[in-house]
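Below is one structure, written out as structure tokens; comments come after it.
The values are calculated or read from the model by the stated rules, or taken from the named source; none is laboratory data. Note that the structure is predicted; figures quoted are calculated from it, not measured. Positions of Cβ are backbone-derived with ideal geometry, glycine not excepted, and every protein chain shown enters the neighbour counts. Please note that ligands, DNA and RNA were not included when accessible areas were found on the heavy atoms of the full protein model with its side chains. Shrake-Rupley method; radii C 1.70, N 1.55, O 1.52, S 1.80 Å.
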Amino acid sequence: MQRAAIDLLIGGLFSGLSVVVLIALASAPSERPHRARAATAEPVLTPLFPSDAALRNGAPKVASYTIDATLDPIKHRLSGRETVHFVNRSTASLNELWFHLYLNAFKNDKTLFLRSPFGAGRSGDKAHEYGYIDIKKVSLAGAEGIDLWPSRDRHSPNDPADETDLRLPLVAPLAPDQSLDLTIEFEDQLPEVVERMGYAGRFHFLGQWFPKLARLEPNGTFAHFAFNPLSEFYADFGDYDVTIDVPEAFAVGATGKLASETHASGRTRQRYLAENVHDFAWTAWDEFQTRSERIAGVDVRVLYPPHHDTNAEAELASVRLALPHFNALYGPYPYPTLTLVHPPEAAGNVGGMEYPTLITTGGPWYATLGGGRFIEVVTIHELGHQWFYGLLASNEHASPFLDEGLNSYAEAEAMESFYGPGSVFDGWGLSASSSAVNRATSADRGADEPVAQGAADFATFRNLGALVYSRTATVLQTMGRVYGERRMLHAVGSYARKFRFLHPSPNDFSSVMQEELGPEAATVLSSALLARGTVDYLVRDVSSAPAPSDAGVFDGPSGRKQKKPDPPHAAGKYVGRVVIYRHGALQFPVDIELVCEDGSRQYRHWDGRGFTHDVDYAGPSELVGVSVDPEQRILLDDDLTNNWLTTKTVRLPRVFERGLFAAELLLGTLGP
Amino acid sequence: MSESKRARLSTAGASVLLWVSRTLLALLVAYPMLSAVEATGIGNGPDRDAVLFRPDALMLLELIRVGAPWFASALKTALLLTALTLVLELAPLACALDMLCGGERNFRARAARSFAVFPRFCWLGAVAWLTQGGLLVAISLGEAALRSALHAADERALTVAPLGLVALGALTLLWVNSVLDLARAAVVERDLGGRSALIHALTVLRGQPLAVLGGSYASAAASAFAYLTAAWLMTRLNVGNGSAATIALAFGVHQLAVLFAITWRVRWLERALDLCAAAPLASMASSASSSKDLT
Ligand SMILES: [Zn+2]
């Protein structure tokens, strides 16, 4: 009995110690050699852009909305009335308007969105409860009695089953610089959360929820498109004045700044004002917890589910690091507020999305445990969209790489400057960086499809993810590593400043890159983005031998001389030859590292032109190995395992040690 | 040689036997994956496999990406070898138990005896695995039921509540394992057949539940501690940048952990033998012909 008690005590002691060690292990960083950068809140740069005082501080306003919306959270219905003030800033007279009614994407299984193969889209689920938007009436100011809506086209162009992209003819042409005011009455039936919008229980998220005009291009055409599951959005800047009416118990988070709030008969009316934005999203839930903090002059508010306090803190911490960082790199954030919405698990599909001044994060309540930096990654990514989407309002349908791609670069750069090589994962003695993950995700897809193509042109969402997000980031990081990281940051920062509050195109991006990085780099960049350009450096041949002696019979002016061969190795000299190949269309200059028997190393440089490159070696000891791009600057290299070669027998003592331990652990757990 | 000295020697001998066999069999299990890693060419560079330990995991991810086709087939082979190893390890275990029983046997005699009890060990192992499999199914069903019952609860409760069930499951698995060890002890100590040994083990458990659970719990907790500590220590050693000595040190640390865990297991096996020897044999399991009832 006594012995049993002692055993139980020992077992308890070991269990307790195991828990302590487990916690230490889970938070153990990986091995860090001296060159790892330390985490720091300060941008590691002396300012790249000394003054941002002269930056554009507003957008040319085309479509401004005043909306009054009342939510019924039981029926998940919303009734709304909006007034659109629209200015024709194009050079042509307009005879029609194009409306995006994207809520109709969830109306039935025949819509472009829902009939598309799922799993190919951004969200993995089909709609469980359908959602749609009904327009009750559209009238022009001054002619309120006439309902224009019956004269609309009944469906999206060439798609009788889809009602997300509708044309409304105008009664009279709208000349350039003229404006009109439309009043629209509408009703939303929200779907159960399917793609970044809808409800889950009493949680409601409203994105793409109001009748919205397509973007008017300068030539007088509308950039309109039906809601495709692979695509995001594109709209004109304007001012939004939105009044939201919800039951009193509901907390609301919305684009813009809360201007006023009134309470009456169990309901709350909140008025939000947002200037110089191109969309408006909001959320309402009666279980939201909130935290607020002023960061870099911006009122930041986090709305999150119960028990997610550590997530909320991690999200605020990310904004504390990233907001000043992005301000310095891409121009100051121009809005007074920033709202972060962490949706509940049941509404996970709402997470990881960007709207002007409002972003959604996501993840389970324990997401900060165990070494993953998911919360930081998603927060900083979505925050980056305030620039690459929010301020640089590119056509996300036609050129998703301009928002998601450049933003993935910004995210990776920020994460790595804050958290070093463990920017994606750091625990259990293992760490992984954003650039490594981006490279691994996109490495074997570079030749699949062009990066810089339309969202709907991608074969699958996986390819879109790998190429638009990961490969764009990898291309830009490779450029930075090869041509200088500061130069690259300056180039992207210049682009972000030049096209702030505008709608830059791929050509705008290319022209800035050309100016900033020069023609050679610009050629590589456009090949990588537009023409499926890839590169793979590889070594096939390494040979080394003692230097040939200079023995033999020599005739000279002073007669014939015979020279005896030196005894072997007497000169202590070796020669060697290495052949390096470059596959693919991209040409990057590379370093070549030659490794000698005595441990010494020699370095050579190849400008990367041509298909092959010979390296001749001469040195005091035998050449035993070679490594192309030893610092791994070229993250785009298709295969990193063929970048080196050694003449020695390959031994993997570390792999052996870890592998044996893993097997012993396995047998220790399962074995008899 | 004194009795206590002989006992200490047999304890040490059993530990070493189990340790050596564990290491050799682990080598067998690890071999397919190790050669798959070698086949990728990742270690062909001047820095060899140190590149896999760089902090950004660039080459580790490259290894996974490039090696995926090799690893898929190597993993299948490794799983097959693991299953084989789990059976093969019963032989040194039988031998170790026999050593712990004492007696002046030479190696040949011990090997012969291990060979003789091997089928019974296999039978007992199969019974234990089936029981544990059933328990796992029951636990997962219970967890699913609990989850749907908690559907309306908050997210944290939804995650934490099933953990209680998992802990309960782990405890029952531990109990099954301790009964299995008792039955093995009974096979070796009293030369019982599989079924009789099981009945005897259950009798011992009924008689001294705390002693049984305490002994096997201490052993399981000690090995968890040993492996976790080794894993943690290995993260502290800079194997990636380190010299051969560092790698040897890491190897030493992890081998020490294995030996530590095995020592505690041997301590529990000794205890199981004592408990089996002390308990009266159940009347229905008559000793003489008992070794024939193994099926
Ligand atoms: Zn994004």
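Residue separation of B:LEU146 and B:GLN132 scaled by 0.36 nm, minus their Cα-Cα distance, works out to 3.0 nm of gained length.
In plain terms, the chain from A:ALA161 to A:LEU670 could stretch by 177.6 nm, reckoned as 0.36 nm per residue minus the Cα-Cα distance. Compute the acute angle (0 to 90°) between the alpha-carbon long axis of helix B:209-236 and the principal axis of greatest extent of the alpha-carbon atoms of chain B; round to the nearest 10°. Relative to chain B, helix B:209-236 is tipped by roughly 20 degrees.
Taken per residue, the accessible surface of segment A:234-325 reaches 34 Å², heavy atoms only and a 1.4 Å probe.
Taking amide H as placed 1.01 Å from N in the peptide plane, A:SER399 has its amide H under 5 Å from the amide H of A:ALA455, each at least 5 places away in sequence or on another chain. Computing FRET efficiency as 1/(1 + (r/R0)^6) for A:HIS128 and A:ASN57, where r is the C-beta to C-beta distance and R0 is 60 Å, gives about 0.85. Each part reduced to its alpha carbon centroid, segment A:140-163 and segment A:545-564 end up 96 Å apart. Converting phi to 3J(HN,Hα) with the Karplus coefficients 6.51, -1.76 and 1.60 and the offset θ = phi - 60°, segment A:428-442 yields 6, x, 10, 9, 9, 9, 4, 5, 5, 5, 4, 5, 4, 5, 10 Hz in sequence order, with x at every glycine or proline.
Distance between the 7 Å Cα→Cβ label points at B:ALA167 and A:GLN514: 6.7 nm.
Taking the 1.4 Å solvent-accessible surface of segment B:118-295 as the whole, the part contributed by carbon and sulfur is 71%.
Placing pseudo-labels 7 Å out from each Cα toward the beta carbon at A:GLU485 and A:ALA317 gives an inter-label distance of 2.2 nm. In this calculation the C-beta distance from A:ALA459 to A:ASP72 is compared with R0 = 41 Å, giving a FRET efficiency of 0.50.
Expressed as a rounded percentage, what relative contact order does segment A:536-633 have, with Cα pairs under 8 Å and six or more residues apart? Averaging sequence separation for qualifying contacts and normalising by length gives 34 percent for segment A:536-633. If you take the Cα centroid of segment B:156-171 and the Cα centroid of segment A:305-320, the two points sit 26 Å apart. Taking the 1.4 Å solvent-accessible surface of chain A as the whole, the part contributed by carbon and sulfur is 54%.
Work out the FRET efficiency for A:GLN289 and B:LEU256 from their Cβ-Cβ distance, taking R0 = 51 Å, and round it to the nearest 0.05. Rounded to the nearest 0.05, the efficiency is 0.60. Can you bin chain B into rounded, prolate or oblate? Criterion: square roots of the alpha carbon gyration tensor eigenvalues sorted a ≥ b ≥ c, rounded for a/c under 1.5, prolate for a/b above b/c, oblate for the rest. Cα axes put chain B in the oblate bin.
Our coupling estimate for segment A:230-238, obtained by passing each phi through the Karplus curve with A = 6.51, B = -1.76, C = 1.60 and θ = phi - 60°, is 8, 10, 9, 10, 6, 7, 7, 6, x Hz, Gly and Pro reported as x.
For segment B:63-122 versus segment A:237-253, the spacing of their alpha-carbon centroids is 67 Å. Pairs spanning more than 20 Å between alpha-carbon atoms, out of A:LYS137/A:LYS257; A:LYS61/A:LYS212; A:LYS107/A:LYS136; A:LYS136/A:LYS212: A:LYS137/A:LYS257. Counting only residues at least eight positions apart within a chain, or on another chain, the aspartates and glutamates with an alpha carbon under 12 Å from that of A:LYS564 are A:ASP550. Here's how it looks for A:GLU287: its modeled amide H is under 5 Å from those of A:ALA251, which are all 5 or more places away or on a different chain. Label zone (A:LYS257, point 7 Å along Cα-to-C-beta; backbone nitrogen cut-off 17 Å) within segment A:276-297: A:276-278, A:293-297.
Once backbone amide H atoms are built at 1.01 Å from N, A:ASP639 has A:TYR537 as its partners under 5 Å, excluding neighbours fewer than 5 places away on the same chain.
The phi-based Karplus calculation (6.51 cos²θ - 1.76 cosθ + 1.60; θ = phi - 60°) puts the 3J(HN,Hα) values of segment A:551-559 at 8, x, 9, 10, 9, x, x, 9, x Hz, whole numbers, x for Gly and Pro. Taking GluC sites (Glu not before Pro) across segment B:74-176, the ones in a DSSP loop with at most 14 further Cβ atoms lying within 10 angstrom of their Cβ are B:GLU104.
Once both labels are positioned 7 Å from their Cα atoms along Cα-to-Cβ, the gap between A:ASP598 and A:ASP614 label points is 2.6 nm. Measure nothing fancy, just the Cα-based angle from helix A:2-26's long axis to the longest principal axis of chain A, in degrees from 0 to 90, nearest 10. In chain A, helix A:2-26 runs at an angle near 80 degrees to the longest axis. Could you state the angle between the C-alpha long axis of helix A:519-530 and the longest principal axis of the C-alpha atoms of chain A, as a value from 0 to 90 degrees rounded to the nearest 10? The angle comes out at about 60 degrees. In segment B:231-260, which residues give up 50 Å² or more of accessible area once the other protein chains are added, compared with their chain alone (1.4 Å probe)? Listed by number, the residues meeting the 50 Å² cut-off are B:TRP232, B:MET234, B:THR235, B:ILE247, B:HIS254. Listed by chain and number, the lysines whose alpha-carbon sits under 17 Å from that of A:LYS110, ignoring those within fewer than 8 places in the same chain, are A:LYS126. Stretched out straight at 0.36 nm per residue, the stretch from A:LEU17 to A:GLN178 would grow longer than its current Cα-Cα span by 50.4 nm.
On association of chains B and A, roughly 7300 Å² of accessible area becomes buried (total for both chains; probe 1.4 Å).
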